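Q: Below you will find the structure I want to go over with you.
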Amino acid sequence: MKLSTGLRNYLLSTGSLKAALAGGEIRIYSGTVPATADDAIGSAVLLVTIKNAGAGINFDTAAAAGVLPKAPGETWTGVNVATNSSSFFRHVLAADTGASSTTAARIQGTCAVAGADLNLTSTSLTSGATQTIDSYTVAQPAG
């Protein structure tokens, strides 16, 4: 996973990852993965926006062993708005426009069936189908 400059600066001087992305959403895209989380989305196509029953998503109340999971009582879903293969995601705040930014709090990662930052049951998303994220964690390595 890649953290944006805005998120890294927030973590160093202001607050927690949990607070920085509270009430946010995960957007899953097809297309070329931007080189950094600061870069604009470019020509990537939005496939689905994941929310908690239409509201923002949140992390659990506390981290354990350097891992912060999604809030267990939340159901993270979205309806696919396009058909294509997912290649990457961004965890952002709802107001994020996807433009180039060094101040927006963002996590960017790859999508695959296995071995990616966000593992999905299938990377082939179909317009109108519901996409669910059952498990999502962010880890801070010890060393």
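The values are calculated or read from the model by the stated rules, or taken from the named source; none is laboratory data. All values derive from a computational prediction rather than experimental measurement. Counting neighbours? That spans all protein chains shown, and the Cβs are built from the backbone with ideal geometry, glycine included. What goes into the accessible areas is simple: the full protein's heavy atoms, side chains included, and nothing from ligands, DNA or RNA. Shrake-Rupley method; radii C 1.70, N 1.55, O 1.52, S 1.80 Å.
Q: Under 5 Å between amide hydrogens, which residues at least 5 positions from TRP76 or on another chain qualify, with H placed 1.01 Å from N in the peptide plane?
A: For TRP76, the qualifying residues are ILE133.
Q: Return the sequence-ordered ³J(HN,Hα) values of the range 72-85 in whole Hz as given by the Karplus equation 6.51 cos²θ - 1.76 cosθ + 1.60 applied to θ = phi - 60°, using x for Gly and Pro.
A: These are the phi-based 3J(HN,Hα) values: x, x, 9, 10, 8, 9, x, 9, 4, 9, 8, 10, 4, 8 Hz.
Q: Return the ratio Rg/(2.2 N^0.38 Å) for the range 90-143, where Rg is computed over Cα atoms only.
A: Details: Rg = 13.7 Å, N = 54, 2.2 N^0.38 = 10.0 Å.
So the range 90-143 has a normalised radius of gyration of 1.37.
Q: Kirkwood hydrodynamic radius for the range 6-83: how many Å is it when counted over pairs of different Cα atoms?
A: Values: mean 1/r = 0.0702 Å⁻¹.
So the Kirkwood estimate lands at 14.2 Å.
Q: Using only alpha carbon pairs under 8 Å that are at least six residues apart, calculate the relative contact order of the chain and give it in whole percent.
A: Value for the chain: 31 percent.
Q: Of the accessible area of the range 1-75, with the probe set at 1.4 angstrom, what percent is carbon plus sulfur?
A: Values: 2060 of 3550 Å².
About 58 percent, which is the carbon plus sulfur part of the accessible surface.
Q: State in Å² the accessible area per residue of the chain; use a 1.4 Å probe, count heavy atoms of protein chains only, and round to the nearest integer.
A: Accessible surface, normalised per residue, equals 49 Å².
Q: List the residues whose amide H sits under 5 Å from the amide H of ALA129, counting only those 5 or more places along or on another chain, with H placed 1.01 Å from N in the peptide plane.
A: ASN80
Q: Skipping prolines and chain starts, which residues have an amide H placed within reach, meaning under 5 Å, of the one on VAL48, given they are 5 or more residues away or on another chain?
A: Sorted by chain and number, the residues that satisfy this are ILE28, VAL81.
Q: Calculated FRET efficiency, THR75 and ALA99, Cβ-Cβ r, R0 22 Å, to nearest 0.05?
A: Result of the calculation: an efficiency of 0.15.
Q: If you average 1/r across every pair of different Cα atoms in the chain and take the reciprocal, what Kirkwood value do you get, in Å? If you can, show how the numbers build up before the last one.
A: Details: mean 1/r = 0.0657 Å⁻¹.
Here the Kirkwood hydrodynamic radius works out to 15.2 Å.
Q: Under the rule of -39500 (n - 2.57) per DSSP H run of 4 or more residues, summed and divided by the residues of the chain, what mean residue ellipticity at 222 nm is obtained, to the nearest 500 deg cm²/dmol?
A: The helix contribution divided over the chain gives -2000 deg cm²/dmol.
Q: Along the range 117-133, what does the Karplus equation 6.51 cos²θ - 1.76 cosθ + 1.60 (θ = phi - 60°) give for ³J(HN,Hα), rounded to whole Hz, x for Gly and Pro?
A: After applying 6.51 cos²θ - 1.76 cosθ + 1.60, I find 5, 10, 8, 10, 5, 8, 8, 8, 9, 10, 3, x, 7, 8, 10, 10, 10 Hz.
Q: Still on this structure, I have one more. Sorted by mean Cβ packing within 10 Å, highest first, what order do the peptides 124-134, 14-24 take?
A: Highest mean packing first, the order is 14-24, 124-134.
Q: Can you tell me the relative contact order of the range 26-77? Whole percent, Cα pairs under 8 Å, sequence separation 6 or more.
A: The value is 32 percent.
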